[in-house]
Amino acid sequence: MQSAIVDNSTETRMATKPPWTVYLHDYITTVDHKKIGILYILMALVFLVIGGVEAILIRWQLFWPRADIIPPKLFNQLFTMHGTTMVFFVGMPILIGLGNYFVPLMIGARDMAFPRLNSLGFWATFLGGMIVYFSFLAGDPPDVGWFAYAPLTEKTFSRGIGTDCWATGLLVSGVGTIAGGVNFIATIVGLRAPGMTIGKVPFFVWTILWTSAQIVLAIPPLSAALIMVLLDRHLGAHFFDPQTGGSAYLWQHLFWFFGHPEVYILILPAFGMISEVIPVFSRKVLFGYEFMAAATMGIAFISLGVWAHHMFTVGMSRPMEIGFAASSLLVSIPTGIKMFNWLATMQGGKIRMDSPMLFACGFLGVFVFGGLTGVMLAAVPIDWQVSDSYFVVAHFHTVLIGGTLFATFAGLHYWYPKMTGRMLNERLAKWQFWILLIGFLLTFGPMHISGILGMPRRIYTYPPDRGWDIWNQVATIGALIQAPSFVLFLVNVIGSRWWGKPAGNNPWNAWTLEWATSSPPPAYNFNEVPVVRSRRPLWDLQHPEDPDWKYEGEHA
Amino acid sequence: MRRVSSQQDAEEFRLSLRMEANRRSRRLAQGMELGVKSLSNHLLGCLAITALLLDPSNLWGSESPSIFDPATPQATSIRSLFWLVILITGVIFVGVEGLLAFFLYEYSRKKSDPNAEPAQVYGSIPIEVAWTAVPTLIVFVIVMIVVRIEYEVKADAETIPANSIPLRIRVVGHQWWWEYNYFEYDGKPLSMTTANELVIPVGEEGVARPIMLTLESADVCHSYWVPRLSGKTDLIPGRVNELWFETKLAGDYVGQCAEYCGTQHANMLLHVRAVSPDEFEKWLSDQASPAADDPAVAEGKKVFLSETCVNCHTVQGTPAKGRVGPDLTHLMSRHTIAAGMISNTPENLRDWIHDPQDIKPGCLMPAFRLESSKMDLLVKYLGSLK
Amino acid sequence: MNSSHHAEHANSLTEPHRVGMLSFLVSEVAFFGTLLAVYIAYIGQTTTGPKPDVLSLPLAILGTVFLVASSFTVHFADHALKLAKPFWFRGWWLLTIIFGAMFLVVTAIEWKGLIEEHGLTIATNIFGTTYYTVVGFHAAHLTVGLLAMLIILGLECSGQLTGKNAIGAELVSWYWHFVDGVWIFVFTIVYLIGR
């Protein structure tokens, strides 16, 4: 029965070859969680290329001091769009896309709880991206920075349509994101396979659950703040206009109340993917699942109370500064717990260095550095010096590239066989990894130093006598080295779709439910809804003499 | 020394702006020259890596406004905190990376029977408790130290040294330049305004001369950052912030706006000149006097007053009372124009007035494009404002 | 198998539609929480133009009475539906819609007065800005609630509020309770504390 469906979904369909418009129509009108997941991922990859080109242009301009390759206004527009694109139209969509594809499969469900809402979520996100990028066609992209500090966004300082496109686009895509978050929560709480209690969900599912909780709590305040910006600009309201009683300071609080949970929205699913990949490729069960789960919850809760650490230079009172420093430093405790548990999972294992594990190890090695510079930034007086400098730029790229991007690549390499039925080319994947890693280190390592040497972020040029040029030049070379790694990835993803080795149902010999069905899975995911007794149902099947459910929760 | 080289570079930059024809090639050549120069410098620096470990400012050079090269007790406190946190996190970093490398080597699949699954270990409560408790302790220690440094550095009536002669200045951030109102020194009220270059007195043994800055903004958010003097503090419209530091080291300190504030955020440069108290007092009395009124440049003054200059600029003792742009009363006492972007020479001044957009695209001063004879008179007049 | 699995928690809080509605309402709480936090931050910051004392407390109390009453009626309606008493459901449901509409009418009267007598618009000053935003977004949510209730009423009258649609009335009643709850906060903050 199951094999018949496999036939139907790959060989037979390929043999008959309907015209491409059929596939297009199929994808545009789909409510299937897997196809929507793929749409999210494709959208994110397209925006990744766009955001990457913007980054290269930024680096090009900064190669020489006092260069004038890119005029100042365009430079400001480029870094605004780069930040906005990477956070809202690459980071979130790719994670939500992977979640869309794999959460129902991993919990043994046939689809998300609300398939049509799911479709709405994707198309709203997509439309949001289109609206933001429409500003290019209108000839005036936003140049207010991705956190758009008031009153730069007021009509007085930003007359064109760019800021309107930016605010409207994020508002619309925010609706899509909230729809996605609500859908995930309903799916994970309500549609788990029989026997899969909430404490037995695969770890990726657990992190998506808490990411969704953060989405639901943190995106609406951003929506409210964006509405206020639009009211200011179009109805003459005064929220953020200091001349007429509004407050520039209030915007900062509102934005970062969203903005900090946002970075955990971007990192928790990454933690989830790492927690899937490391056990499978170390051939060991995840060490300390309960503590990892608690740490995830801890991060989700603490993240709602740390936002003002982005504002240590605005002249807050001492108690506020010390309080937010303490809460921010607290985040390092659950994050450390995760780090140690991953290492403990590898300890005593039989580590297989396939490409997903390579990226996961890259994640471990780089993310710890970004986490530790985060500790430095949380120590308020240090932040007075390095805040808004290139040190901060280096820090958050280390956690977002070293963290989110490396983990996403680990996840994509891990799950690509499931999504397409074919393996990615390992050799290309390894080249991609090493080029990316080297380019990454060369780009962002020197930025720590230029920041320490007093270089502020977001400057389109710099005087030649500051000693910053060499570090900028290395960073630009690093960015150019990174670029081909993304090309390799795209070539691999597209090429392997047709020429990759057939994957079979479970190429990595993994243990969660998505590997129990065919690759790619049939429209209904599972012929029979599996019954689950532990966190690793396929391990239990393979090792009936020594199943997990005998041991879980008894390791005191 | 540094100022001279900066002026030369600025000079070269200006020159290349003028030469539209071979602009690109010049830029490339100039940049490459600079690049090669600094590359070789830094290679030499890298060779002296041991020196780096002892004092990083050796490598980074005295040119850079490095936060590891502080000139005030405040910036020094922050540096020591930074070193301490680097030490703590460095140990953790080495530990984690070491473990990762060791595990990857030791538990590589190749070294053991690839087919059998290893022993499954589900977790251990004592171990989890241990690696929760130790980071918690570390966090606690860091918070305690942060509190201490916070009290040491942040502006507060109690942190000002007892035997001190404070200088109080109101700093107003504008798109894209700095306004300084000196309003009190040694308890005596002052009333003088200057722009972009801050001149301050150094303290001496037993007498501190704290600089008390009041930070405000006329338009959008800016941030005041001179790394060798102190951490940054934002200038936010509708709020009044405070920043203070004191130094005993005479010299030039550079920095720039650190909060994105629009098109020319990159060219909102900060120059602080710390001079001996005597020199400072002389400078202060020069600045407090009204503008020079030299009959030889009366024609130029007429041009200045008849053009729209007066809408934005002030020259004390004349009808020019604009507050939108920098006060020009003692323009010639400043080393740079355009918020530190180019050096203050008659040629630069001329080019600037002709078309500021050519030098600082997007800035708020319009192009005047006066006819040559008028421009000569105007530049001569401005040159008399010593 | 899946359907039987669903059936087993059809009446529990983990039923996906209920979970979805609850998480949506949590996001709405975050949204209104932000608007109200901003309102509170700006209390007393108005220097020119009409101040909050131009608000009419009697009108606001009248509106509050309508809304609180509608929360009861919607509860009775939902209860009647569960007891399979369609007549009572329709009656209570319709009464809820009328109360909700009356609230909107009261708001309209209040706004007309503010605009015509006091010249207060969203652009007048920071009070106008925050007041119209908070009360306006609440009224917009109420309007959406009224439309949803009309749809449910239509479904019920045409006999389609059965099977998988049956949960709709319950979910709309949750939404309605939420909108009423928000009003209690708006009333307290705007009309009692901020006035």
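The values are calculated or read from the model by the stated rules, or taken from the named source; none is laboratory data. Keep in mind it's a predicted model, so treat the numbers as computed, not measured. Ideal geometry is used to build each Cβ from the backbone, glycine not excepted, and the neighbour counts take in all protein chains shown. These area figures cover heavy atoms from the full protein model, side chains too; ligands, DNA and RNA do not enter into them. Shrake-Rupley method; radii C 1.70, N 1.55, O 1.52, S 1.80 Å.
Tabulated results
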quantity	calculated
Distant-in-sequence amide H partners of B:Ser217 (H built 1.01 Å from N, under 5 Å)	B:Gly173, B:Ile236, B:Gly238, B:Arg239
Peptides ranked, highest mean first, by Cβ atoms within 10 Å: ranges B:363-375, A:252-264	A:252-264, B:363-375
Heavy-atom accessible area order for A:Arg116, A:Arg110, largest first, 1.4 Å probe	A:Arg116, A:Arg110
Per-residue ³J(HN,Hα) for the range B:263-277, Karplus 6.51 cos²θ - 1.76 cosθ + 1.60, θ = phi - 60°, Hz, x for Gly and Pro	3, 9, 3, 5, 10, 10, 7, 10, 10, 10, 10, 9, 10, 5, x
The protein assembly as shown: antiparallel DSSP beta bridges as a percent of all, rounded to 5	70
Cα-Cα pairs of the range B:295-383 separated by more than 17 Å (percent)	46
Per principal axis, descending, Cα span of the protein assembly as shown in whole Å	102, 82, 63
Partner chain coverage, peptide B:128-137 - average Cβ within 10 angstrom	5
Span per principal axis, largest first, for the Cα atoms of the range A:34-542 (Å)	67, 47, 47
Cβ crowding within 10 Å averaged over residues, with A:315-321, A:122-128 ranked highest first	A:122-128, A:315-321
Calculated from backbone phi, Karplus (6.51, -1.76, 1.60) coupling profile of the range C:137-145 in Hz, x at Gly/Pro	5, 5, 4, 5, 5, 5, 4, 4, x
Angle between chain A longest axis and helix A:203-235 axis [Cα atoms, degrees, rounded to 10]	30
Pairwise FRET efficiency - A:Ala523 versus B:Lys110, Cβ, R0 = 41 Å, nearest 0.05	0.50
Ranked packing of B:129-137, A:72-80, most packed first, by mean Cβ within 10 Å	A:72-80, B:129-137
Over 23 Å between alpha carbons, listed pairs A:Lys34/A:Lys550; A:Lys35/C:Lys164; A:Lys284/A:Lys338; A:Lys35/A:Lys418; A:Lys200/A:Lys550; A:Lys284/B:Lys110	A:Lys34/A:Lys550; A:Lys35/C:Lys164
Overall Cα dimensions of the range C:50-195 - principal axes, largest extent first, Å	52, 22, 20
Other protein chain Cβ atoms within 10 Å, averaged over every residue that makes up B:146-152	5
Reach of A:Lys73 by Cα under 21 Å, taken over lysines that are not fewer than 8 positions away in the same chain	A:Lys155, B:Lys360
Net +/- balance of residues flanking A:Met86 in space, Cβ distance below 12 Å, scoring K and R +1, D and E -1	-2
Using θ = phi - 60° and Karplus 6.51 cos²θ - 1.76 cosθ + 1.60, couplings along the range A:80-91 (whole Hz; Gly, Pro as x)	5, 5, 4, x, 4, 4, 5, 6, 8, 10, 10, x
Cα pair count fraction exceeding 26 Å, expressed as % - the range A:140-259	34
Residue-averaged 222 nm ellipticity for the protein assembly as shown, from DSSP H runs of 4+ at -39500 (n - 2.57), nearest 500	-20000 deg cm²/dmol
Other protein chain Cβ atoms within 10 Å, averaged over every residue that makes up A:185-196	5
Separation between Cα centres of the range A:270-340 and the range A:77-139, rounded to whole Å	24
Separation in nanometres of the label points that stand 7 Å from Cα toward Cβ, at C:Thr14 and B:Met144	4.6
FRET E, pair B:Ala288, B:Lys321, Förster distance 30 Å, beta-carbon r, rounded to 0.05	0.95
Whole-percent pair-distance distribution, where bins are 10 Å wide, for the alpha carbons of the range A:428-506	18, 34, 22, 15, 8, 3, 0
Nonlocal amide H pairs with B:Ile342, under 5 Å, H built at 1.01 Å	B:Ile337
Other-chain or far-sequence residues with amide H under 5 Å of B:Trp178's (modelled H)	B:Asn196
Mean-position separation - Cα centroids, the range A:202-238 and the range C:44-84, in angstrom	26
The range B:315-375 and the range B:169-217: distance between their alpha carbon centers, rounded to Å	22
